[in-house]
Amino acid sequence: MDTCIFCKIVSGEIKGDVVYRDENITAFRDLHPVAPTHILIVPNRHIESVSKLEPADATLMGQLLLTARKLAEEAGIAESGFRLISNTGKDGGQTVFHLHIHLIGGQGMKHPMG
Ligand code: DGP
């Protein structure tokens with residue numbers, strides 16, 4: 001997608017603080033971190049959100065989760081714990097419409113359900 005900021009980070013057209021890259025996935029630090037570790041894990045292929053996933057994307061989504069686990073281990077937060085979030089659509093608070101998983105940790109967090 002020509003106008004998608006995350007597609008541009010994936011392609012290298014604009015610079016991101018990339019911490020992981022393979023043929024299917026790119027992970028980079030969030031521009032506005034909310035915790036000591038805040039990494040965005042995205043599919044290289046443009047998928048708008050979880051709402052647009054197809055059955056054929058099941059393996060890719062598994063790879064995204066395994067990448068989250070690996071990056072959590074590398075960041076030293078696998079034992080202390082972390083949160084994975086994929087905001088989806090307007091009511092979900094999504095602001096960038098290229099599917100991404102936030103990996104957030106390194107501090108205690110309030111339960112999102114209150
Ligand atoms: P969401 O609101 O769930 O769609 O999350 C989008 C996140 O993307 C938000 O935490 C800020 C981050 N973000 C937006 N633009 C950029 C950018 O150009 N570079 C990086 N690294 N992060 C960005």
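Odds and ends about this structure:
- The residues of segment 15-38 that are over 16 Å from Gly62 (Cβ atoms) and of a type in the set (Val, Ile, Thr), listed by number, are Val18, Val19, Thr26, Val34, Thr37.
- Leading residue by the ranking (nearest to the ligand (Cβ to nearest atom)) among those in segment 1-43 that are more than 29 Å from Gly108 (Cα to Cα) and touching a residue at least 60 places away in the same chain (Cβ under 8 Å): Ile5
- Test: Val10 is among the β-branched types (Val, Ile, Thr), open to solvent by 20 Å² or more (accessible area, probe 1.4 Å), farther than 27 Å from Gly81 by Cβ and in contact with a strand residue (DSSP E or B) (Cβ under 6 Å, 6 or more places away or on another chain): yes
- Among the residues of segment 63-83, those that are open to solvent by less than 30 Å² (accessible area, probe 1.4 Å) and under 16 Å from Glu23 (Cβ atoms) comprise Leu64, Thr67.
- For segment 84-107, residues that are over 28 Å from Glu48 (Cβ atoms) and either surrounded by 15 or more Cβ atoms within 10 Å (Cβ to Cβ) or modelled with pLDDT under 95 (or both) total 1.
- Residue within segment 56-74 that is within 11 Å of the ligand (Cβ to nearest atom) and touching a residue at least 12 places away in the same chain (Cβ under 8 Å) present: no
- Qualifying strands (runs of 3 or more DSSP E) (wholly inside segment 1-93; at least 3 residues being aliphatic (A, V, I, L, M) and either under 17 Å from Leu103 (Cα atoms) or under 15 Å from the mean Cα position of the chain (by Cα) (or both)): 37-43
- Of the residues making up segment 94-114, those that are closer than 21 Å to Ile5 by Cβ and outside any loop (DSSP other than H, G, I, E, B) are Ile101, His102, Leu103, Ile104.
The values are calculated or read from the model by the stated rules, or taken from the named source; none is laboratory data. Note that this is a predicted model, so its numbers are computed, not measured. Backbone-built Cβ (ideal geometry, glycine too); neighbour counts: all protein chains shown. We work out accessible area using only protein heavy atoms, side chains counted, and drop any ligands, DNA or RNA first. Shrake-Rupley method; radii C 1.70, N 1.55, O 1.52, S 1.80 Å.
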